[in-house]
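A short worksheet on the structure shown next.
The values are calculated or read from the model by the stated rules, or taken from the named source; none is laboratory data. This structure is a prediction, so every number in the text was calculated from the model and none was measured. In this analysis, Cβ positions are derived from the backbone assuming ideal geometry, glycine residues included, and neighbour counts consider all displayed protein chains. When the accessible area is computed, the model is the full protein with side chains, heavy atoms only, and any ligands, DNA or RNA have been set aside. Shrake-Rupley method; radii C 1.70, N 1.55, O 1.52, S 1.80 Å.
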Amino acid sequence: MDKIGGRRRSALSVAVVKAMGIFGGVQAINIILSILRSKLIAIWLGPMAFGLFALYNQAIMAISTLSGLSINQSCVRDIASSRNSWQTQRIITSVRRWAWLLGITGSVLMFLSAPLLSDWAFGERSHSYAFRILSVCVLLYSLQTCELAILQGLGLLKRMASASLWGSALGMAAAIPLFYLLRMSSIVPVILIFSIAATLASAALRHRNSPSSQHCPTTIKETLSTGRRFIVLGAYITVSLFTTMALNYAFSAYLSSRYSTDTLGYFQAGYNVVNTYVGMIFTAISVEYFPRLSAQIHNTKRASTLVSHEMSIALWILIPVICLFTAMSKPILQVLYSSGFEVIDGYVTLAAAGMLFRAVSWCMSYTILARGDGKIYIFTELTSGAIGLCLNIVMFDTWGYSGLGAAYILWYMAYTIITGYVYRFRYRMSIGKGITGLCLFGIAATAVSIAGKWLGGWWIPAITGCAILPYAYRHILSRKNSIPTLSTQPFN
C-alpha cells in the first residue's frame, strides 16, 4: 500500500469513526426512547396500535414523498459539491423556499384525499378525519427534513444530530401522558406531536452562524434556476420512492385485509427492530458518506476507494452485531415489546442476516444518486421494490413470519446483483481487494450463528460474535490517528 493511498484510507476511517461517534450516541438515546415508546404501546395499546401507526405514517410518508420531490435528498448533493459560500447560500435559500411550497402542496393534497386514504387502508371512510388532521404533518416533515438536509450537506453533523435528538426527546415527553390517558385515541395526537417537536428542534438548530448563512438576496427566477438541478434529480427519486412506498403500503394493506391488523402490527414491529435498531448503522454512516461521495464522484479512482472503504467498515460493524443480535433476539423482543411478540423471532433473525447484502448494495447504490443518474435510480429501485413485494407475499403465505425473513435476504441479494451491475459496467467502478472475501466471511459467520441458535442454543452465536468483535474493532480503528486529508466538511 502506497503512502498516499494509506493516508486516504486512513482519512476515510477517521471521517467514518467521527460520524459514527456523533450519531452513535444520538442513535443510542433515540433507541432508548423508541424502546420506551414501543413498550408503552405494547402494554397500554396492544399490537393493533402498531398497525394503525404504520398505516397513518405510511400515508404521511407517501404523500410527503409524492409532493416533496425528495429535495431533502437531492439538495445534499448540490450543497456538498458547491464551489463557494455565495453559491452555497443561494442553494440553501432555494431549498427553503421549495420546502415551503412543496410542503403546503402536500398538506392540501392529503387533506383532500383523506376519504380515499381511509378507504384504501381500512376499507371504509370513518378514518377520514384522522387523515385530515395529520395532513399538517406533511408540511412539517418538509420543513424539518429541509433543515436537516442543509446541515448534512454542509457537514454540520453535530448540529444535525442534536436536532434529531431534541425532536425525539420533546415528542416522547409529550407522548407518554397521552398514551396513558387516551390509549387508542392517542395515536393521531402523538403522530402530530412528534412532527411538531421535530420541526421545532430543526428550526432552532438551523444553519445560521457562518458567512455562508448570511442573507443572500435571491429572486423567484433565481430560485427556480438554482433549484432546477436538485428538483430534476429529486423528481426521479420521488417517482422511485413513491412507487416503492406504494408497494410497501400494498403489502401492509394486504396483511391488514387478508389476515388482520394484529398481523400487520407484528410485521411492523419486526420491521422496526431490523431497520431501526440494526439499521441504525446505515444511518450513522450515510450522513457523512453521501456528501463526501458527492464531492468525489467525478474522480472514479477516489470514489471507488471511498465506496470500498465504507463497504468494508459497514461489513465489519455488521458481522459481529448480527451474530450477537441472533443470540439475543428473543430477549430483545421481550424488552422492546412483550413476550407475545416472540412469534416474529424467526423474521427478525433472518432479516438481520440480510443486512449483509443490504450493506453491499447500499454502498453501491449511493453512487447513482451522487452522479445524479435519475433514470437508472428509478430502474434499480422499482425493480427492487417489485421483487420485494412478490417475495414477501409468496413467502409469508407459505412460511409465515420466518418466510418474511428469508424473503428479506433474497430481496437484498437481488438488489446487490442489480446495483453491482450498474456500479461495475455503467460507471466502470471497482470494489477494493478483500471485499469479496469479507462478504463470504460474513455470510459464513451469520449462517453458523443462525444454525447454532436453532440447533444448539443462544450461546453459539454469542461466542461467534464475541470472537469476531476484537478483529472488527481493530480493523475500523487501526488508523484513527492519521491525518484526514480527504476531509471536505467540518464536524461542527
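All conditions but one from (1) assigned to a helix (DSSP H, G or I); (2) over 24 Å from I35 (Cβ atoms) apply to K330; the one that does not is (2).
Okay, residues lined up against (1) assigned to a helix (DSSP H, G or I); (2) farther than 24 Å from Q73 by Cβ; (3) at pLDDT below 95:
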| residue | (1), (2), (3) |
| --- | --- |
| S107 | yes, no, no |
| P115 | yes, yes, yes |
| R125 | no, yes, yes |
| L140 | yes, no, no |
| C146 | yes, no, yes |
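Against the test of being polar (S, T, N, Q) and in contact with a Gly (Cβ under 9 Å, 6 or more places away or on another chain), the options S85, S135, S113, S126 yield a single qualifying residue, S135.
Being modelled with pLDDT of 85 or more and part of a helix (DSSP H, G or I) holds for only one residue in L224, L241, L247, L170, and it is L170. Inspect segment 92-103 for any residue being in a helix (DSSP H, G or I), basic (K, R), open to solvent by 40 Å² or more (accessible area, probe 1.4 Å) and closer than 27 Å to Y254 by Cα and give the result as yes or no. No, because not a single residue in segment 92-103 is in a helix (DSSP H, G or I), basic (K, R), open to solvent by 40 Å² or more (accessible area, probe 1.4 Å) and closer than 27 Å to Y254 by Cα.
Condition test on M364, is it more than 25 Å from S38 (Cβ to Cβ), touching a residue at least 12 places away in the same chain (Cβ under 8 Å) and within 20 Å of the chain's Cα centre (by Cα)?
Numbers: more than 25 Å from S38 (Cβ to Cβ): yes; touching a residue at least 12 places away in the same chain (Cβ under 8 Å): yes; within 20 Å of the chain's Cα centre (by Cα): yes.
So M364 fits the description; yes.
Find the residue count for segment 38-68, including only residues that are under 14 Å from L109 (Cα atoms) and out of contact with any Cys (no Cβ under 6 Å at 6 or more places or on another chain). So that I can check it myself, show each step before the final result.
Here is the first cut: in segment 38-68, the ones under 14 Å from L109 (Cα atoms) are 59-68.
If we keep only those that are out of contact with any Cys (no Cβ under 6 Å at 6 or more places or on another chain) as well, we get 59, 61-68.
Number satisfying all stated conditions: 9.
I'm checking my understanding of the structure. Among residues of segment 421-433 that are open to solvent by 50 Å² or more (accessible area, probe 1.4 Å) and of a type outside the set (A, V, I, L, M, F, W, C), which one is modelled with the lowest pLDDT? Talk me through it step by step, then tell me what you get.
Restricting attention to segment 421-433, the residues satisfying the condition of being open to solvent by 50 Å² or more (accessible area, probe 1.4 Å) are 421, 424-426, 428, 430-431, 433.
From what is left, the residues that are of a type outside the set (A, V, I, L, M, F, W, C) are 421, 424, 426, 428, 430, 433.
On the way: Y421: 95, R424: 94, R426: 94, R428: 92, S430: 90, K433: 80.
Among those that are open to solvent by 50 Å² or more (accessible area, probe 1.4 Å) and of a type outside the set (A, V, I, L, M, F, W, C), it is K433.
Return yes when L165 is without any contact (Cβ under 8 Å) to a residue 40 or more places away in the chain, out of contact with any strand residue (DSSP E or B) (no Cβ under 8 Å at 6 or more places or on another chain) and assigned to a helix (DSSP H, G or I) and no when it is not. The answer is no for L165. Pairs linking a residue in segment 299-312 that is under 18 Å from G437 (Cβ atoms) and open to solvent by less than 10 Å² (accessible area, probe 1.4 Å) to a residue that is in a helix (DSSP H, G or I) and modelled with pLDDT of 90 or more, with Cβ atoms under 7 Å and 6 or more positions apart or on different chains, are V307/C363; V307/M364; V307/T367; E310/C363; M311/A359; M311/V360; M311/C363; M311/I435.
When R258, R228, R292 are checked against the criterion of being surrounded by fewer than 17 Cβ atoms within 10 Å (Cβ to Cβ) and over 29 Å from L45 (Cβ atoms), R228 stands alone in meeting it. Annotation note: Cβ proximity below 9 Å between a residue of segment 35-58 that is in a helix (DSSP H, G or I) and a residue that is among the charged types (D, E, K, R) (sequence gap 6+ or interchain) occurs for W44/R183; L45/R183; P47/D262; M48/D262; A49/R183; F50/D262; G51/D262.
Of A407, A472, A444, A414, all but one fail to be modelled with pLDDT of 95 or more, in a helix (DSSP H, G or I) and either of a type in the set (D, E, K, R) or under 17 Å from V278 (Cβ atoms) (or both); the exception is A407. When W454 is tested against (1) open to solvent by less than 30 Å² (accessible area, probe 1.4 Å); (2) modelled with pLDDT under 95, only condition (1) is not met.
Considering the conditions (1) in a helix (DSSP H, G or I); (2) crowded, with 17+ Cβ neighbours inside 10 Å, T436 is excluded by exactly one of them, (2). If you go through segment 124-156 and pick out every residue that is open to solvent by 60 Å² or more (accessible area, probe 1.4 Å) and farther than 30 Å from Q89 by Cα, you end up with 6. Among the residues of segment 44-100, those identified as over 20 Å from the mean Cα position of the chain (by Cα) and of a type in the set (S, T, Y) are S81, S82, S85, T88, T93, S94.
Pairing residues of segment 176-189 that are open to solvent by less than 70 Å² (accessible area, probe 1.4 Å) with residues that are basic (K, R) and assigned to a helix (DSSP H, G or I), at Cβ distances under 9 Å and at least 6 apart in sequence or on separate chains, gives I176/R37; F179/R37.
Take A161 and decide whether it is surrounded by fewer than 23 Cβ atoms within 10 Å (Cβ to Cβ) and over 22 Å from T93 (Cβ atoms).
Numbers: surrounded by fewer than 23 Cβ atoms within 10 Å (Cβ to Cβ): no; over 22 Å from T93 (Cβ atoms): yes.
No: the conditions fail for A161.
Cβ separations smaller than 9 Å between residues 6+ apart or across chains give the following pairs from segment 435-447 residues that are closer than 18 Å to S304 by Cβ to residues that are among the hydroxyl-bearing types (S, T, Y): I435/S308; I435/S312; L438/S312.
Is at least one residue of segment 369-379 modelled with pLDDT of 90 or more and under 20 Å from S252 (Cα atoms)? Checked against the condition, which is being modelled with pLDDT of 90 or more and under 20 Å from S252 (Cα atoms), segment 369-379 yields no hits at all.
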